[in-house]
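The structure appears below as structure tokens.
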Amino acid sequence: MFLEELTADVQLEDSQREYKGKLNRDDVVGWLKTIAGFANAAGGDMYLGVEDKTHKLIGYERMAADKERNYFNNQVNEHLVPRPPMKIEFLRYAVKDKERFVVHIRVETSPTRPVVLKYQNIPSIYMRRDGFTNGATYEEIIEMSIASQNVQFDALPSDTRYSRNDFGELLAFYAEHNNGKAYTDKALRSMGFFDEKGLLANGGTLFADSYDGAKTAVTCSVFSGFNKGSQRIVTVNRFRGNIIQTIKKTCEFVYQRMNHSLLKTDTGRINIDAYPKRAVFEGVINAIAHRDYFLDGTQIQIDMFRDRLEISSPGSFYRGAEIGVTYDLSNIISKRRNEIICAVLVACNVMEAAGTGFDKIVEAYSTADDRHKPYISSTSDHFTLVLPDLTYHEGLENGNAMTLSYPPVSQGTEHDAKVLSYCYSQARKAADIAEHLGVSNSSYLRSKMLNNLVEQGYLLTSQQARTKFYKTNTDVVKLD
């Protein structure tokens, strides 16, 4: 039996999830640092009684589960300062009518950071990144200290005084998107753009006509092929300026260089842009609005490849969105990292008051097939929006965000790779696999395709009542 059969909210071990058969009494620091790393980053979940590679359930009897929880609590109380906010629950399941339990520990981001692990009188600070827990860097410790005060970069006061004459481009941009209406000083003051003394917030300085600092740096590149490593760079442009200039220059770069095509119909021809302009605009706005402006020496990266456009912004999604890859853009929720910058863009009617604006991107790609669907990839230090090129008929070269390597399947089918990708992160029913492949849920699917993969060790199976689940064997099939 697999953990996915107890709870659907399960993925591979990553930045926010960890799976252990049991707590190692001989290496307490090994798992305590994971809890500290979760608390110092975006939070996370630890499951005890679960095999880490396959998610197979090992579980505990009731008394053993209670002892494991108590041992966990005692070690956390003794060695972590401050104690991170967390919730511990038991997930019950049955094996041959005997109850078993998995211990689920949900760790929240600590409001007071950094959380320090003190063991044998030696203090250490850890950070969770991309599925690994390591010592926090000096820059991360500074960022945690600032973040724990609930202060955002753009809300911090500057020593620059506000003058309406310094914001001609912002005022013109506002009027352009508000039917000629004027952006009043009262409206700017009410959102914290400047304070009662007339001093601009940091976010306000980034809109000044004369701003030319590195905080708004954008690098735009065009590559001749499908990746950066082995392909020739056709064009590189670097922009710096105020936020309004950055929006315009970045969008113009893409608009001027993207491909165009014609689609013949019964009634004529339809012009097709490689990337819907609305999707590009929303992607650029989102990258600027949610960029981590605390990270010096970074830039927004715009990369155009033969099959896609990538818009990358420094800083992971802020408090809320999952780290990883998702095609379900409409359900991504991320708290605003830059309240003042976002408030200005909302007032200018170029950003949604609630949400991320990804709904418009989904709408722009609503008629695209599966190989032309946009997706988001988020890590601990950046997030990337990928927009497939609609004029490149083959779609994304990697098909999806997951690339697998495994020995050739004897008597395999054309669907094997798609099945193994679909079942890699989660156990699936045959009916779900059939729907994903676009084939009928037939005996041929189960006997010739799925059973062939099971017999050769590519898929593992488990049974829940009368339903069989299939999961990719990660000892055989590896992520590239």
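The table below lists the values:
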| item | result |
| --- | --- |
| For 449, 144, 63, order by how many other beta-carbon atoms lie within 10 Å, fewest first | 63, 144, 449 |
| At R0 = 60 Å, FRET efficiency that the Cβ-Cβ distance of residue 190 and residue 97 yields, to 0.05 | 0.40 |
| Total formal charge among the other residues, if their Cβ is under 13 angstrom from that of residue 171, Lys/Arg +1 and Asp/Glu -1 | -3 |
| Dipole of region 137-203 [Lys/Arg +1, Asp/Glu -1 at C-beta], most positive-end residue of 155, 193, 141 | 193 |
| Exposure proxy order (Cβ contacts within 10 Å, fewest to most) of 342, 348 | 348, 342 |
| Restricting region 399-478 to trypsin sites (Lys or Arg not before Pro) in coil, as DSSP defines it, with at most 12 other Cβ within 10 Å | 466 |
| Segment residue 163-residue 409, length gained on full extension (0.36 nm per residue, minus Cα span) | 81.7 nm |
| On Cα atoms only, tilt of 62-79 relative to the major axis of the chain in degrees | 40 degrees |
| Region 77-139: trypsin sites (Lys or Arg not before Pro) in DSSP loop, at most 12 other beta carbons within 10 Å | 96 |
| In degrees, nearest ten, helix 138-147 long axis to first principal axis of the chain (Cα) | 80 degrees |
| Listed residues 38, 84, 121: farthest to the positive end of the dipole of region 3-147 (Cβ charges) | 121 |
| Point-charge dipole on Cβ atoms (K/R +1, D/E -1) for region 3-147, about Cα centre, debye to 20 | 440 debye |
| Helix 277-289 vs. the chain, principal-axis angle (Cα, 0 to 90°, nearest 10) | 90 degrees |
| Theoretical gain in end-to-end length, residue 366 to residue 238 [0.36 nm per residue, Cα-Cα removed] | 42.9 nm |
| Within the chain, helix-based [θ] at 222 nm, where runs of 4 or more DSSP H residues each add -39,500 (n - 2.57), nearest 500 | -7500 deg cm²/dmol |
| Ranking of 377, 366 by count of other Cβ atoms within 10 Å, fewest first | 366, 377 |
| Candidates per GluC sites (Glu not before Pro) in region 65-166, loop by DSSP, up to 14 other Cβ within 10 Å | 108 |
| Electrostatic dipole magnitude of the chain [Cβ: Lys, Arg +1; Asp, Glu -1; Cα centre; debye, to 20] | 460 debye |
| For residue 382, distant residues with modelled amide H under 5 Å away | 315, 316 |
| Region 356-376-region 449-480 distance, computed between alpha-carbon centres (Å) | 31 Å |
| Selection from 441, 419, 340, by position along the positive dipole direction of the chain (Cβ) | 441 |
| Charged-residue dipole, Cβ positions (Lys, Arg, Asp, Glu), region 404-479 about Cα centre, Debye nearest 20 | 220 debye |
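Only the coordinates and a few stated rules stand behind these numbers; no lab work does. The model shown is predicted, which means the values in this text are computed figures rather than measured ones. Reconstructed Cβ throughout: ideal geometry from the backbone, glycine too, with neighbour counts over all protein chains shown.
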